[in-house]
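The values are calculated or read from the model by the stated rules, or taken from the named source; none is laboratory data. None of these values were measured; they are calculated from a predicted model. Every residue, glycine as well, gets a Cβ built from its backbone with ideal geometry; the counts of neighbours run over all protein chains shown. The protein model used for the area step is the full one, side chains on, heavy atoms only, and it has no ligands, DNA or RNA in it. Shrake-Rupley method; radii C 1.70, N 1.55, O 1.52, S 1.80 Å.
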Amino acid sequence: MPRIWIIGGANIDLCGKAVHKLRVHDSNIGHIELRYGGVGRNIAQICCLLKERVNFVSCFSTDDFGKALMKDCEDLGMHLEYSYTTNAYPSSLYIALLDEGGDMYMGMNDMRILESLPFERIQEVCSLVKEEDILVIDGNLEEEVAQYIVGHCKGKIVADPVSIVKAKRLTK
């Protein structure tokens, strides 16, 4: 039976929506929510809700956000045995600022924790992926890691580029 493998980001999303027209260089009144997110994690969540067996490979911090992210993933049914935990970086964070109409005005991320995912772990996962499996990668992975995966994994590979800037990592 095919398995779904997902290698990518898991982060805390902070989303702020302005109540009135945004004013730059000012403190704007808005509504702010904290959610669990990350492109890889979100795709894994959808697959779990569809009752698929999901092996989610990411990097989690040992801080409180990281522990909460891992618990959320496990509660959703994701298998995290190939994920990595570190105290070298804080948890991955994403901040979205929406205008009063709900359109993205600006986003910013700090996903450097993914850089600490050991390359040996990527190699191990690639050796476990079978031809009938599906492997999803997101554009948050370093270019060298994405290129290794494409060149060494046997399964069907799907990529989510994440953003215009990060899509370039998947084009070579």
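Here are some notes:
- Search result, residues across the range 122-161 that are part of a strand (DSSP E or B), closer than 21 Å to Asp110 by Cβ and open to solvent by 10 Å² or more (accessible area, probe 1.4 Å): Asp160
Yes or no, residue by residue, for (1) more than 19 Å from Leu117 (Cβ to Cβ); (2) modelled with pLDDT of 95 or more:
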position	(1), (2)
Met1	yes, no
Ile4	no, yes
Ile12	no, yes
Cys15	yes, yes
His20	yes, yes
Thr85	no, yes
Ile95	yes, yes
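- Tabulated pairs, the range 102-130, first under 11 Å from Leu141 (Cα atoms), second among the acidic types (Asp, Glu), C-beta under 7 angstrom, 6+ apart or interchain: Glu115/Glu142
- Note on the range 69-83: residues that are within 13 Å of the chain's Cα centre (by Cα) and within 14 Å of Pro118 (Cβ to Cβ) amount to 1.
- Flag if Asn55 is under 17 Å from Val136 (Cβ atoms) and in contact with a His (Cβ under 6 Å, 6 or more places away or on another chain): yes
- For the range 41-60, the criterion of being among the β-branched types (Val, Ile, Thr), open to solvent by 90 Å² or more (accessible area, probe 1.4 Å) and within 28 Å of Gly155 (Cβ to Cβ) is met by at least one residue.
- Test: Gly8 is open to solvent by 60 Å² or more (accessible area, probe 1.4 Å) and small (Gly, Ala, Ser): no
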